[in-house]
Amino acid sequence: MTPLLELDKINSFYGPVQVHFELSLSVPEGKIVCLLGGNASGKSTTMKIILGLLKPRSGTVRFAGEVITGEATPRIIRRGIASVPEARRLFAAMTVRENLLMGAYVRADRQAVAGDLDRVLTLFPRLAERLTQRAGTLSGGEQQMVAMARALMGRPKLICMDEPTMGLSPLFVDRVLELIAAINREGVSVFMVEQNASLALAIAHEGYVLQAGRIVLSGPAASLLRDPRIRDAYLGGAAAA
Ligand SMILES: Nc1ncnc2c1ncn2[C@@H]1O[C@H](COP(=O)(O)OP(=O)(O)O)[C@@H](O)[C@H]1O
Ligand SMILES: [Mg+2]
């Protein structure tokens, strides 16, 4: 079956500096796939490539079987890819409700949007209690939830998350991971970037390990969890950072 998202032999650069070397990975429809790697291994840049924020020098990005490499970001979002970026980028001065509605700005079906707000809030009851609170006054974990809920408001087929557990207290880390699994059970495919291998692999179906812009290991999450090279890859990543 054609994967929902496919990166094929991506080479990317910032000026003269190469970030990705023949990067290939895929997200099958309905799955959670995680991209693991230490600091500066090229994880966030992978998100930029998927979202059209950086054009690779060579290689192809396909979504639902169609080539989307080099397309403008709004067009990619309209295809059904939502992102929860690093540091979450909420509108701090706006309320939780306003932030959530911003996630649906590409949609014209206003009545369905109201229904989706209800549906999303059942997944995030904590946010339902805070709809009129300014987003900037929420805790880190709550802000992460707003970012995830906002992404869902666009009815995406694929949601891309950059280090969703970073900086959260252990309690919120578990809660956010549970929510990612719940979003996936609703039928949304997930591509998540994480430094924390054991946490990410606990909810993922498949994983890839990125080291200095190259995939060095990949496979089903359960077998990666048992693989001693995961540990080595992380020590390597940490030493290089
Ligand atoms: N806008 C940029 N301009 C130049 N170099 C960048 C830029 N963003 C990231 N880099 C470099 O690209 C490499 C990969 O960065 P990144 O994808 O952010 O890694 P990760 O998310 O895995 O920490 C790093 O060496 C980083 O310094
Ligand atoms: Mg990053």
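Just a few scattered comments:
- Restricting region 59-118 to chymotrypsin sites (Phe, Trp or Tyr not before Pro) that sit in a DSSP loop and have at most 16 other Cβ atoms within 10 Å of their own Cβ leaves Phe91, Tyr105.
- Counting every pair of alpha carbons in region 1-109, the share spaced more than 16 Å apart comes to 64 percent.
- Between the helical axis of 228-240 and the longest alpha-carbon principal axis of the chain there is an angle of about 90 degrees.
- Degrees, to the nearest 10: 110-123 long Cα axis against longest axis of the chain: 70
- To the nearest ten degrees, helix 140-152 and the longest principal axis of the Cα atoms of the chain are 90 degrees apart.
- Applied to region 204-214, the Karplus parametrisation 6.51 cos²θ - 1.76 cosθ + 1.60 on θ = phi - 60° returns per-residue 3J(HN,Hα) values of 7, 8, 9, x, 10, 10, 9, 9, 6, x, 10 Hz, with x for Gly and Pro.
- For the chain, calculated [θ]222 nm from helices alone, where every DSSP H run of n ≥ 4 adds -39500 (n - 2.57): -11500 deg cm²/dmol
- Computed over the Cα atoms of the chain, the ratio of the radius of gyration to the Kirkwood radius (Rg/Rh) comes to 0.96.
- Kirkwood hydrodynamic radius over Cα pairs of region 93-155, then Stokes diffusion coefficient at 20 °C and 1.002 mPa s, in µm²/s: 189
- For Leu54, the residues 5 or more places off, or on other chains, whose built amide H falls under 5 Å of its own are Ile49.
- Normalised by the number of residues in region 93-155, the mean separation of alpha-carbon contacts (under 8 Å, six or more apart) gives a relative contact order of 55 percent.
- D (Stokes-Einstein, µm²/s), Kirkwood Cα radius, region 50-152, 0.692 mPa s at 37 °C: 221
- Here the mean projected area of the convex hull built on the C-alpha positions of region 21-75 is 4.3 nm².
- Restricting the calculation to Cα atoms, every distinct pair contributes to the Kirkwood radius of region 120-241, found to be 15.6 Å.
- Extension reserve of the Ala72-Tyr105 stretch, reckoned as 0.36 nm per residue once the Cα distance is removed: 10.2 nm
- Of the solvent-accessible surface of region 116-241, computed with a 1.4 Å probe over protein heavy atoms with every protein chain present, carbon and sulfur atoms account for 53 percent.
The values are calculated or read from the model by the stated rules, or taken from the named source; none is laboratory data. Note that the coordinates shown come from a computational prediction; the quantities given were computed from them, not determined experimentally. Neighbour counts run over all protein chains shown; Cβ positions are idealised from the backbone, glycine included. Side chains are part of the model used for accessible areas, which takes the heavy atoms of the whole protein and leaves out ligands, DNA and RNA. Shrake-Rupley method; radii C 1.70, N 1.55, O 1.52, S 1.80 Å.
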